[in-house]
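Shown next, in structure tokens, is the structure this report addresses.
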Amino acid sequence: SVSLKERLAELIPAEIENVKATRAEHGKKAFGPVVVDQLYGGMRGLPALIWDGSVLDAEEGIRFRGKTIPECQALLPKAPGGSEPLPEALFWLLVTGEVPTQEQVTELSKDWAARSAIPEFVEEILDRCPPTLHPMSQFSLAVTALNHDSAFAKAYQAGVSKKEYWGPTFEDSMDLIAKLPNIAGRIYRNVFGQGKLPAIDPSKDYSHNLATLLGFGENHGFVELLRLYLTIHSDHEGGNVSAHTGKLVGSALSDPFLAYGAALNGLAGPLHGLANQEVLIWLRKMQAKIGEDASDEAVKEYIWSTLKAGQVVPGYGHAVLRKTDPRYTAQREFALKHLPEDKLFKLVGQIYNLVPDILLEAGKAKNPWPNVDAHSGVLLTYYGLDQMQFYTVLFGVSRAFGVAAQLIWDRALGAPLERPKSYSTAAIQKIFKDK
Ligand code: CMX
């Protein structure tokens with residue numbers, strides 16, 4: 001079928017059996033030790049969630065349904081005349097585990113275009129936000145407000161059976177993703193004074209339409225960048241703050257708009273998605289201080305001054321990864337192809353040669369290598385999108401794909417309310433007192 005929902009309906013019964021069998025065979029087996037440090041340490045490394053769209057390997061990086069980023073770049077359908085994968089295709093892969101055909105992807109582009117309009121009152125909410133309100137706060141407000149028309153919330157009130165949860169969750173998830181370009185475009189134009197929002201063109205793909213709404217629709221390089229950007233930022237397994245928040249809030253049967261609004265508030269933190277903004281601010285400050293073609297020595301000194309001031313080097317380090325993030329590498333390759341001589345790109349390359357040794361010498365960070373956020377802002381800036389407060393909104397458009405795919409499966413498989421156990425320090429002391 002070219003319809004994602006029909007394909008999904010075919011896949012769900014077998015997956016329910018698959019989960020049953022996995023639990024019957026492995027359900028009582030211990031899976032990794034829990035030590036007290038993990039309770040204090042942000043649950044780092046604790047196996048605690050099921051997330052089907054992607055799994056992150058510390059050395060290798062992310063795989064979407066078993067496929068690496070280069071494999072996705074090779075296998076997923078592209079736009080006519082384009083060479084980057086279409087995020088529509090990645091969504092199909094995340095949801096079904098299957099590489100879609102060109103026809104299935106085209107159908108999805110059309111479906112999203114048809115669902116893309118946002119209610120007038122949401123437009124008004126955005127238009128009334130002061131331009132000083134951070135774009136991520138505006139984004140989360142608008143997404144939360146979409147819950148006004150949630151199919152899931154309505155179905156739940158009407159007494160829908162548990163077995164049917166996934167259907168309206170699917171509809172809400174598709175609506176959510178489809179409406180994000182109009183929300184992001186409106187925020188961008190309002191905050192940065194870029195004039196009236198053009199209409200979505202149903203004959204164009206999702207990234208092309210988003211580029212048009214931002215005012216870059218004629219720029220082929222930017223459109224290609226967005227296709228790559230939205231593909232690689234979509235999913236990074238389930239434990240990161242945004243993905244986990246979406247799953248957690250969804251587990252209370254809050255609809256996908258409420259769940260994703262919450263996820264966006266997590267993405268807006270500087271240790272998570274906001275780091276792409278922070279990287280650009282940091283680079284600009286560095287250039288202001290030591291000039292544009294600074295020597296390695298001057299750059300090193302600047303990096304040390306950041307650490308000595310008790311700040312983090314944005315774009316470096318990761319809670320799980322222990323190697324250079326393949327999402328960084330994919331963006332570096334894009335830059336080598338499209339903007340090899342760009343000054344800011346060269347600075348990012350220079351920093352890459354210096355930061356890891358410094359972080360190792362400083363001796364705290366477990367991973368001295370760059371993450372996805374170290375590179376994205378430079379690419380956007382090159383094409384003229386230099387309003388860095390907006391960068392995390394683009395991350396947020398993309399991350400909806402991964403969170404939505406999991407919300408659909410969570411409701412299809414009857415995932416329970418999340419409720420892990422917490423302890424007080426006094427309780428821990430008591431437990432181990434006589435041991
Ligand atoms: N610069 C300076 N210090 C760093 C560092 C960096 N880039 N990365 C880690 N450290 C420090 C930590 O702050 C921590 O210090 P304290 O012991 O004083 O608290 C210590 O090294 C150990 O941290 P860790 O176990 O290596 O890393 P965490 O899992 O706790 O945190 C992360 C991971 C990403 C928050 C951290 O590496 C960081 O702050 N990086 C900079 C911000 C950033 O780029 N975030 C984006 C991540 C990708 C994303 O989600 O978008």
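Reported count of residues in region 13-28, each being over 21 Å from residue 411 (Cβ atoms) and open to solvent by 90 Å² or more (accessible area, probe 1.4 Å), is 2. In this structure, residue 48 does satisfy being in a loop (DSSP other than H, G, I, E, B) and among the aliphatic types (A, V, I, L, M).
Of the candidates 268, 263, 275, the single residue that is more than 12 Å from the ligand (Cβ to nearest atom), buried (at least 17 other Cβ atoms within 10 Å of the Cβ) and aliphatic (A, V, I, L, M) is 263. With respect to the conditions (1) more than 18 Å from the chain's Cα centre (by Cα); (2) open to solvent by 70 Å² or more (accessible area, probe 1.4 Å), residue 115 falls short on a single one, namely (2). The selection criterion, being open to solvent by 30 Å² or more (accessible area, probe 1.4 Å), within 30 Å of residue 319 (Cβ to Cβ) and among the β-branched types (Val, Ile, Thr), does not hold for residue 160. Only residues that are part of a loop (DSSP other than H, G, I, E, B), more than 17 Å from residue 265 (Cα to Cα) and either in contact (Cβ under 8 Å) with a residue 12 or more places away in the chain or touching a strand residue (DSSP E or B) at 6+ places or on another chain (Cβ under 7 Å) (or both) were counted in region 122-136, giving 1.
Candidates 64, 31: the one that is surrounded by 18 or more Cβ atoms within 10 Å (Cβ to Cβ) and among the aromatic types (Phe, Trp, Tyr) is 64. Going by the structure shown, is residue 246 crowded, with 24+ Cβ neighbours inside 10 Å, touching a residue at least 12 places away in the same chain (Cβ under 8 Å) and not charged (D, E, K, R)? Yes, satisfied. With respect to residue 53, determine if the residue is within 27 Å of residue 244 (Cβ to Cβ) and out of contact with any Ser or Thr (no Cβ under 9 Å at 6 or more places or on another chain). Against the criterion (within 27 Å of residue 244 (Cβ to Cβ) and out of contact with any Ser or Thr (no Cβ under 9 Å at 6 or more places or on another chain)), residue 53 does not qualify. In region 168-204, the qualifying residues are those that are among the acidic types (Asp, Glu) and part of a helix (DSSP H, G or I), and the one that is surrounded by the most Cβ atoms within 10 Å (Cβ to Cβ) is 172.
Looking across region 36-45, the residues that are part of a helix (DSSP H, G or I) and either within 15 Å of the ligand (Cβ to nearest atom) or free of Cβ contacts under 8 Å to residues at least 60 places away in the same chain (or both) come down to 37, 38, 39, 40.
Looking only at residues of region 205-243 that are charged (D, E, K, R) and within 16 Å of the ligand (Cβ to nearest atom), we find that the one that is least open to solvent (accessible area, probe 1.4 Å) is 235.
Matching residues to (1) away from the ligand (no atom under 13 Å from the Cβ); (2) of a type in the set (D, E, K, R); (3) in contact with a strand residue (DSSP E or B) (Cβ under 8 Å, 6 or more places away or on another chain):
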site	(1), (2), (3)
298	yes, no, no
301	yes, yes, no
304	no, no, no
309	no, no, no
327	no, yes, yes
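Annotation note: Cβ proximity below 7 Å between a residue of region 138-166 that is more than 19 Å from residue 263 (Cα to Cα) and a residue that is surrounded by 22 or more Cβ atoms within 10 Å (Cβ to Cβ) and not hydrophobic (A, V, I, L, M, F, W, C) (sequence gap 6+ or interchain) occurs for 151/172; 165/411; 166/411. From the list 354, 385, 347, 360, which residue is surrounded by fewer than 24 Cβ atoms within 10 Å (Cβ to Cβ) and either of a type in the set (Phe, Trp, Tyr) or within 30 Å of residue 172 (Cβ to Cβ) (or both)? Among 354, 385, 347, 360, only 385 is surrounded by fewer than 24 Cβ atoms within 10 Å (Cβ to Cβ) and either of a type in the set (Phe, Trp, Tyr) or within 30 Å of residue 172 (Cβ to Cβ) (or both).
The values are calculated or read from the model by the stated rules, or taken from the named source; none is laboratory data. Treat the numbers as computed from the prediction; the structure is a model and nothing was measured. All Cβ positions, glycine included, derive from the backbone under ideal geometry; neighbour counts span all protein chains shown. Protein only, heavy atoms only, side chains kept; ligands, DNA and RNA dropped before computing areas. Shrake-Rupley method; radii C 1.70, N 1.55, O 1.52, S 1.80 Å.
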